[in-house]
Amino acid sequence: MTDDKRPDEQVQAAGPTAVDNPDAVDAPDGVDSPNGTGPAGDPPPLVTPPADTVPGEVVLRLTDVVKTFPGVRALDGVQLEVRAGEVHCLLGQNGAGKSTLIKILSGAHQPDSGQVEWLGEAVSFGNPQAAMKAGIATIYQELDLVEDLSVGENAFLGHEPKQFGFVRRGYMARRTREILARLGHPEIPPRRMVRTLPSAGKQIVSMARALSHEARLIIMDEPSAVLAHDEVGNLFRIIRELTAQGIAVIYISHRMEEIREIGDRVTVLKDGRTTAANLPARTTPTRDLVSRMTGRTIEYVFPDRPADAPAGDELLQVRQLAREGEFADVSLSVHAGEIVGIAGLVGSGRSELLETIFGARRASSGTVSMAGRQVRPGSVGAAVRAGMGMAPEERKSQALLLGEPVYRNVTLATFTRWARLGFTDAGRERAEANEVADRLELRPRDVRRPVRTLSGGNQQKVVVGRWLLGDTKLLLLDEPTRGVDVGARAELYQVIRALAARGVGVLLVSSEVPEVLGLADRVLVMREGRVVHEAPAGELDEDTVLDLVMAGSLMEGAPA
Amino acid sequence: MTERTETAAPAAAAPPADRPTPVSPAPAGAPAHKGAGAPGNGNGRWSGDAGESFRRNLGLVGVLVVLIIIGIITRPDLYGDMNWVGDNIMSILTLASVVGVVTVGMTFVIIGGGIDLSVGAIVALAGVWSTTVATQSYGAGGMIFTAIVVAVCVGLVNGFLISYGRLVPFIATLAMLVAARGLAAEISDKQTQVSNNATINGIASNDILGIPVLVYILAGVVAAGWVLLNRTTFGRRTVAVGGNPEAARLAGINVRRHSMLLYALSGLCCGIAAIMLTAQANSAQAAMANLYELDAIAAAIIGGTLLSGGRGTIVGSLLGVIIFATITNLFAINGLSTEAQNMVKGGIIVAAVLVQQFRFKSLTQLLARNKLSSTN
Ligand SMILES: Nc1ncnc2c1ncn2[C@@H]1O[C@H](COP(=O)(O)OP(=O)(O)OP(=O)(O)O)[C@@H](O)[C@H]1O
Ligand SMILES: [Mg+2]
């Protein structure tokens, strides 16, 4: 379908700044011979602004890669060129095909057509082992650790150091310790069971796994989504070390600041196609990047706070809540119509606090009341009946039924309300789910698809969307925008603000300080399990919050 | 699980009439299935996992057809006689009826993330308890009531141990298997207890319109099971609890109570099966329903129920049971030994699982390729 259409589409997609120099591309390295690989009708090559040419040689080149899933063309002709020693960023909306692309590079999927050239040779990785052997290591968007193995066993999974057929456990632990130290986390014990780590710790382990290979290309699919601010700094330091050794990095993130900071070049995907390639990461205006991703320009702004301070009644009252080893002596309140943000590092006890308020964990002391009435502790059912809803931190393990259709996931907490005499009302459920899907711009829009087939960001929308239904009075949001793209994020902020305007109270946990400051009315800062500061959001700035938040290690908050 | 399987469901398990059928009006401006800004995506309707289980069930029907063809080839003489064919179909269904009822309960338990090894033992205990002299003195009603109450109670105990006592389902129900058979032997004093109740015995010997009562019971239980799984909040909770217990819990579902109820439901099915089996044998004894747990689990798995929970269909389980009954029948009409038959059954279980794993992977890839070439 594409052969005759593609050229002009690209011209159109490439936009004014990009087409300036269409001929400059293949000149520098000469390896590129589009006539040999491209389809008949040979599209004009995409842009490589010559000013920003990265010195390293091309290690990876993708030409016209296509990947189809039943009912979806996830990749529809992708071009990508990665050079040694560069950080190549992939940008694109939720569902644009970024994760699918990297799964092809890592051997988890096979392309339907198109060419993958690795170190100058056409390759097709039949499985992840093949890709790892060839020197491509991947950190997936969704954690893929074996929970019941140790940190070290996970890091070396599939390529354990062996001698006479036995795993060299001591050596493996030592190597793991080295890698973890290099990652800035010497405190994680290599023999610790992965299950017992908090999710940021798990992210470190999957990073350790990537480093345990002698990789020439490391792919990172939204690694920062689960990391706190200081962790991201750490990650960047490691990335710089890697690239200094000539290792190439493909970096996916929805956060523009990160791309500016760490990226060298950017390739933009939209609906499975490359709409712009090899743009300079630091100098390309955000407006251009966003318009290539979305086809429109989106202002990345927070909705205005209502001028008059929220005067709603007190909705949630938490008194001296504590949970041994996690947090202590937390008192807070949320009024109807108010958004309260909690800032803090991963491991500061934020998620645990939220789960305890919601009854998913049992407090060791203290009380939780809704509208003046105490909520039975340790019972999610009681919390839900009292009007609470929570979007948990880990969507895959805590929130989704992956094989079930989207609409059933959206209505998981509410389907009983529309049921009559115990019989569910699928029509009503689909209609309600459709409405949520519209509000959150779910893509693809078909609510009958299994959630498993949605991209990460769209899965996240399902998790948050669940509590937009029913008569939720208090919304507990744990990292609600994790992995959600720029456009949908703005959308989500609007939705949250609109809910508050309707009198819903919101308690928001986010690792992104600007998000907390921009969205919340009032901010609590947590450190090491305690609330150390409380102020209206307008009186705080990012630096102040970061100062308050800092210090504290990742291992806190994990059950010993 | 959804519309597609509905057509394949036997006995037209129609939802009650008060269920509002039409899709409630979507909010104004609700777009069609294609996302407005997704030109590259969404060609073709998404059939999803429902389509997958539909295809799987079709595959099972295919297996059934093959078995029947083998029957025709090996015994053309019998298959020439239409009367015999009719009778044979009824005897296959009758053979499937008792295990079929147990399998419906088992399917729920497995979808809910558990396993029930004690079903055979519960059938035996309920059968024995309902045929004691004392119970029989209360007549057919008393016997049925006793069988069902005993079986549900044992199921509740299983469920309680697993949900609140935090025992692993495998261990808890294995212990119950031993204990319930022990109790059955104790009650019956290891004797065969003859049922003197004509109504009970009649369940197995009577026909209505040429179809045995046992087959009606199977149809009723299957239909009820289908409605329960696909159309009720109970069924939805079952899938949620089995598919992701943590997600279910955080959505406000009482996971423990629900898994306890699942074992009680399995018990209920065992109670019904106990009456059916007692009627067939005109007696009950502690060794009855031997290894039913294996038959039921095997049938459910062949039918596409995921052992890890969260997915499965009643129709698939029914087809699984009927396939096993047809194999048994095939061996019987050819005069072959039960030993050979068990070996073949074992092989079929392995083959079915392998074929399913392999076929669905390659099938989706094939579909993807076709779609691609047709759009190019
Ligand atoms: N296994 C699958 N089966 C069917 N469709 C799939 C499957 N995996 C991905 N898709 C679809 O392919 C498209 C691209 O998904 P992908 O995960 O690559 O997006 P993404 O760019 O990584 O998005 P995000 O930023 O949200 O992570 C989406 O429309 C998604 O629904
Ligand atoms: Mg992704």
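The numbers here are math on the coordinates, done by the rules we state, and not lab data. Predicted model, so just to flag it, every value in this text is computed and none were measured. Glycine gets a Cβ as well: all are built from the backbone with ideal geometry, and neighbour counts include every protein chain shown.
Per-structure values
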{"item": "³J(HN,Hα), Karplus 6.51/-1.76/1.60, whole Hz, each residue of segment A:373-379, x for Gly, Pro", "result": "10, 5, 8, 4, x, x, 10"}
{"item": "For residue A:507, distant residues with modelled amide H under 5 Å away", "result": "A:340, A:475, A:476, A:477"}
{"item": "Pairs from A:270/A:473; A:270/A:461; B:190/B:345; A:103/A:461; A:133/A:270; A:98/A:461 whose Cα-Cα separation, in the structure shown, is over 26 Å", "result": "A:270/A:473; B:190/B:345; A:133/A:270"}
{"item": "Radius 15 Å from Cβ of residue B:261, net charge of other residues (Lys, Arg +1; Asp, Glu -1)", "result": "+3"}
{"item": "Segment A:374-421 versus segment A:74-143: alpha-carbon centroid distance in Å", "result": "36 Å"}
{"item": "Residue-averaged beta-carbon neighbours from other chains (10 angstrom radius) around A:380-390", "result": "3"}
{"item": "Segment A:393-470: translational diffusion in µm²/s, Stokes-Einstein, Kirkwood Rh over Cα pairs, 10 °C, 1.306 mPa s", "result": "130 µm²/s"}
{"item": "FRET efficiency, 1/(1 + (r/R0)^6) with R0 30 Å, evaluated for residue B:166 and residue B:282 via beta carbons", "result": "0.10"}
{"item": "Fully extended contour minus Cα-Cα distance, from residue A:304 to residue A:498, at 0.36 nm per residue", "result": "68.8 nm"}
{"item": "Cα-derived Rg to Rh of segment B:230-329, Kirkwood definition", "result": "1.04"}
{"item": "Shielding by partners - mean other protein chain Cβ count within 10 Å, residues of A:70-83", "result": "4"}
{"item": "Tail weight of P(r) past 27 Å, computed on alpha-carbon pairs of segment B:101-334, percent", "result": "32 percent"}
{"item": "Span from the segment A:338-354 Cα centroid across to the segment B:57-106 one, whole angstrom", "result": "61 Å"}
{"item": "Inter-chain shielding of B:229-235 (mean C-beta neighbours from other protein chains, 10 Å cut-off)", "result": "4"}
{"item": "Cβ-defined net charge surrounding residue B:132, 12 Å radius [Lys, Arg +1; Asp, Glu -1]", "result": "-2"}
{"item": "Amide proton proximity set for residue A:139, modelled H, under 5 Å, gap of 5+", "result": "A:219, A:220, A:221"}
{"item": "Translational diffusion of segment B:67-211, µm² s⁻¹ [Kirkwood Rh, Cα pairs; Stokes-Einstein; 10 °C; 1.306 mPa s]", "result": "89 µm²/s"}
{"item": "Neighbour net charge for residue A:508 - beta-carbon separation under 12 angstrom, K R +1, D E -1", "result": "-3"}
{"item": "Separation in nanometres of the label points that stand 7 Å from Cα toward Cβ, at residue A:164 and residue A:543", "result": "6.2 nm"}
{"item": "Förster radius 60 Å - calculated FRET efficiency between residue A:245 and residue A:314, Cβ distance, rounded to 0.05", "result": "0.60"}
